[in-house]
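Scroll down for the structure; my scribbles are underneath it.
The values are calculated or read from the model by the stated rules, or taken from the named source; none is laboratory data. As the structure is a prediction and not an experimental result, all values here were calculated from the model. FYI the Cβ positions are ideal-geometry reconstructions off the backbone, even for glycines, and counts take in every protein chain you see. Accessible surface is based on the protein model in full, side chains and every heavy atom, while ligands, DNA and RNA are left aside. Shrake-Rupley method; radii C 1.70, N 1.55, O 1.52, S 1.80 Å.
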Amino acid sequence: MIDIQRIGVIGAGTMGNGIAQVFTQSGFDVRLVDAAAPALERARTTIAKSLEKFVEKGKLTPADRDAALGRLSSGTDVDALADADYIVEAIVEDAGAKRDLFARLDTLARPDVILSSNTSSISITTLGAATSRPDKVLGMHFMNPVPLMTLVELIRGQATSADSMQTATALCGRLGKTAIEAADYPGFIANRILMPMINEAIFALMEGVGTAEAIDTVMKLGMNHPMGPLALADFIGLDVCLAIMNVLHDGLGDPKYRPCPLLRRMVAAGHLGRKAGRGFYPY
Ligand SMILES: NC(=O)c1ccc[n+]([C@@H]2O[C@H](COP(=O)([O-])OP(=O)(O)OC[C@H]3O[C@@H](n4cnc5c(N)ncnc54)[C@H](O)[C@@H]3O)[C@@H](O)[C@H]2O)c1
């Protein structure tokens, strides 16, 4: 089995910076790449702040924080990933952009290197088909916020090999995370179950079954969820929720997955949740 030490992470947004952080915190050398230089600047600041919080809580020593930051390098050139032992893609949720990137990574990474995607919903089999190594393409779906959430959903494409899945599972163990395997169907496990629940909560709000506060409180106090579904939708981003519902609806063809008209209306209005300062709640 390949000895994995150098990790390439592409996309330095919300997820990419969290993924880079957990790898560097676990002793790996990380090369973080983004097409936009300002995103790399922001990522380094976010990672430094997050590591600082671990130090304040006594979960990381200042020396380990400095060492972690020292193992992190960044740049805008994907070619710098030619010597990576394992690659995680976390760019925008766009099938065409991801397919182009996987085709490029296939030409520059060593043939034994696994190319993984953090996609929430795009078919891993399709990404694998853009490469000459579909047996070494898999989904590595981290949860937000990555440094705190212990689950990684590993998605096995139609052609992904058992060896690749084993390598990814072992890697999750080295990050202190629990890997769960899912097959390559729309939404995998996490979003196949979570998003219809969120969508149904939005239908309940639209139909006046309860206020946003009532719906969230029922799920928090009655079902022991740490966060109500509408507050969670605001946290994820309503545009992201709509995109995933569309993938479920298109991919599974069942009307039960149709996105709620209120969700569509809020996205059209730019009320995207926390990041927009406005969603089911004001921020
Ligand atoms: N946000 C979440 O809660 C969440 C959770 C799980 C999975 N995901 C998935 O993770 C991926 C990234 O999501 P995010 O929320 O971090 O997005 P984001 O918009 O915060 O960041 C995406 C980054 O990718 C960069 N980028 C875009 N195209 C690129 C390219 N071709 N080459 C290099 N860099 C490029 C952008 O400059 C940006 O910095 C998506 O596939 C998303 O579905 C998101």
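Dipole magnitude for region 19-132: about 400 debye, using +1 per Lys or Arg Cβ and -1 per Asp or Glu Cβ, origin at the Cα centre. Shown here is the pair-distance distribution of region 156-283: with all Cα-Cα distances grouped in 5 Å bins from zero up to the longest one, the shares run 2, 10, 17, 18, 16, 13, 11, 7, 4, 1, 0 percent. Ranking 7, 197, 35 by Cα position along the charge dipole of the chain, where only Lys, Arg, Asp and Glu carry charges on their C-beta atoms, puts 197 farthest toward the positive end. Look at the alpha carbon pairs under 8 Å that are at least 6 residues apart: their mean separation over the length of the chain gives a relative contact order of 13 percent. In straight-distance terms, cross-link reach from residue 53 covers every one of the aspartates and glutamates whose alpha-carbon lies under 14 Å from its own, apart from those fewer than eight places away in the same chain; here that gives 64, 66.
Sequentially through region 127-141, phi angles give Karplus couplings (6.51, -1.76, 1.60; θ = phi - 60°) of 5, x, 5, 7, 10, 9, 9, x, 5, 10, 10, 8, x, 10, 8 Hz, Gly and Pro residues having no value and appearing as x.
If you fit an axis through the alpha-carbon atoms of helix 238-252 and take the longest principal axis of the Cα set of the chain, what angle between them do you get, 0 to 90°, nearest 10? Tilt relative to the chain: about 90 degrees. Think of it as helices only: each DSSP H run of n ≥ 4 in the chain is worth -39500 (n - 2.57), and spread over all residues that comes to -14000 deg cm²/dmol at 222 nm. Computed over neighbours whose Cβ is under 13 Å from that of residue 46, the net charge equals +1, Lys and Arg +1, Asp and Glu -1.
For region 150-283, DSSP calls about 25 percent of its internal beta bridges antiparallel. Expressed to the nearest 5 percent, the antiparallel share of DSSP beta bridges inside the chain is 20 percent. Take the convex hull of the alpha carbons in the chain; its mean projected area over all directions comes to 15.1 nm². Taking 19 Å as the cut-off, the amide N atoms of region 173-187 that come nearer than this to a point 7 Å along the Cα-to-beta-carbon line of residue 148 belong to 176-178. Across region 41-57, coupling constants 3J(HN,Hα) worked out from phi with the 6.51/-1.76/1.60 Karplus curve, θ = phi - 60°, read 4, 4, 5, 4, 5, 4, 5, 4, 5, 5, 5, 4, 4, 4, 5, 4, 7 Hz, and Gly and Pro carry x. How far is helix 95-108 tilted, in degrees, relative to the longest principal axis of the Cα atoms in the chain, given as a value from 0 to 90 rounded to the nearest 10? Compared with the principal axis, the helix lies near 10 degrees.
For region 112-189, the Kirkwood estimate of the hydrodynamic radius, built from every pair of different alpha carbons, is 12.2 Å. Relative to the longest principal axis of the Cα atoms of the chain, the long axis of helix 14-25 makes an angle of roughly 40 degrees. Tell me the per residue accessible area of region 167-231 using a 1.4 Å probe; a whole number in Å² is fine. So region 167-231 comes to 51 Å² accessible per residue, rounded to a whole number. Which percent of the accessible area of region 213-262 is formed by carbon and sulfur heavy atoms (probe 1.4 angstrom)? On region 213-262, the fraction of accessible area on carbon and sulfur atoms equals 61 percent. By the rule of a C-alpha distance below 21 Å, with chain neighbours fewer than 8 residues away ignored, the lysines paired with residue 49 are 57, 59, 275. Shown in residue order for region 203-215 are the 3J(HN,Hα) couplings computed by the Karplus curve 6.51 cos²θ - 1.76 cosθ + 1.60 at θ = phi - 60°: 4, 4, 5, 4, 7, x, 5, x, 6, 4, 5, 5, 4 Hz (x for Gly and Pro).
Residue 17 sits among other residues whose Cβ lies under 12 Å from its own Cβ, and their net charge, with Lys and Arg +1 and Asp and Glu -1, is +1. For region 84-190, with all protein chains in place and a probe radius of 1.4 Å, 56% of the accessible heavy-atom surface sits on carbon or sulfur. Here, region 1-153 yields an orientationally averaged convex hull projection of 8.4 nm² when only Cα atoms define the hull. Most tightly packed first, judged by the mean number of other beta-carbon atoms within 10 Å of their residues, the peptides 16-23, 77-84, 35-42 read 16-23, 77-84, 35-42.
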